[in-house]
Structure formats: structure tokens, C-alpha cells
Amino acid sequence: MVKLNKSTRFALYSVLELSSNPQGVVSAGEIAQKYNISEHHVAKVLQQLVRARLIRSIRGINGGFQIAKDPKEITMMDVVEIFEPRHPQNSCLLFDFDEACQLADTCRIGKVFNEIQEQALYTLKSVTIATLISPKKMA
């Protein structure tokens, strides 16, 4: 149901890679190669993550990027909200952002989709990057 744009996916891949070795430095090219994605796009995403202070840029011949926070303190939502547009509160997910629902008070379909959206947001807020990189199996 939840579909993420490419930038969000690339950002999640990047944060996972950097969090897997918190002391290490990883280049945009290494991430791009591992996930078979555009290095240029990964570099743009990494710059946005630097601006959000989730990662830091390391200059020099062996430069690249490094996680800036403890992976236990970063949730999936912290990454997602940088790249995904938020639906206005109390808007119907059956319509575009700028389109108003005329049936809001009586439509049960929209209410179900809004509940699904709320659950997805709750889950993204509750899953940390440390959980994702943990070798333990997630339930």
C-alpha cells in the first residue's frame, strides 16, 4: 500500500549501509554499486541526508559519508519524512493533495485508507535503523 519514491528508497539504503559500520566511511559509488542504482542520484540523496544531519560528509582522498547519529536514535520515519510529501491532516487519501473530498463525512472507504496510513506512519516511527541492521530476525 505504501509506495516510496526512489529518493526515499535510496536514502534508506544509504542510511542502512552507513549504519552497518558506524566508524567506517562509505562513498556514494559504493552504495550505488551495491544496490545497482545511479551514483548521481545517490549523491544527491546523501547531500539531503547531510543537510538533515543524519549523516556527515568526510572530505579527502578516502572521503565519503558516515552516519552522524546512533542508529538506535534514527527511525525509518526520520528518513522518510525528508523525501516524502505529507498528506495534509484530515485529507482523504483517495484524492490528490489539492483535491477536496465532498463525501468526507459519509465515505467509509476514505476512513479505512486514512487508518491504514496512520498505522503505516506509526510503524515507520517505531522501527529504528538499528532494528533493521540487527542480525536478529524481525517478526
Filter result (farther than 18 Å from Ser7 by Cβ and among the basic types (Lys, Arg)) within region 29-88: Arg56, Arg59, Lys69, Lys72
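Yes/no matrix, rows are residues, columns are (1) of a type in the set (Ser, Thr, Tyr); (2) surrounded by 18 or more Cβ atoms within 10 Å (Cβ to Cβ); (3) not in a helix (DSSP H, G or I):
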| position | (1), (2), (3) |
| --- | --- |
| Ala11 | no, yes, no |
| Glu17 | no, yes, no |
| Ala32 | no, yes, no |
| His41 | no, no, no |
| Leu49 | no, yes, no |
| Ser57 | yes, no, yes |
| Gly60 | no, no, yes |
Residues (assigned to a loop (DSSP other than H, G, I, E, B) and of a type in the set (A, V, I, L, M)) located in region 19-30: Val25
Failed condition for Lys137, given (1) modelled with pLDDT of 65 or more; (2) within 30 Å of Val15 (Cα to Cα); (3) exposed (fewer than 11 other Cβ atoms within 10 Å of the Cβ); (4) over 20 Å from the mean Cα position of the chain (by Cα): (1)
Conditions (1) at pLDDT 95 or above; (2) surrounded by 15 or more Cβ atoms within 10 Å (Cβ to Cβ): number failed by Glu73: (2)
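The values are calculated or read from the model by the stated rules, or taken from the named source; none is laboratory data. Given the structure is predicted, the values throughout are model-derived calculations rather than measurements. Every residue, glycine among them, receives a Cβ derived from its backbone with ideal geometry; neighbour counts consider all protein chains shown.
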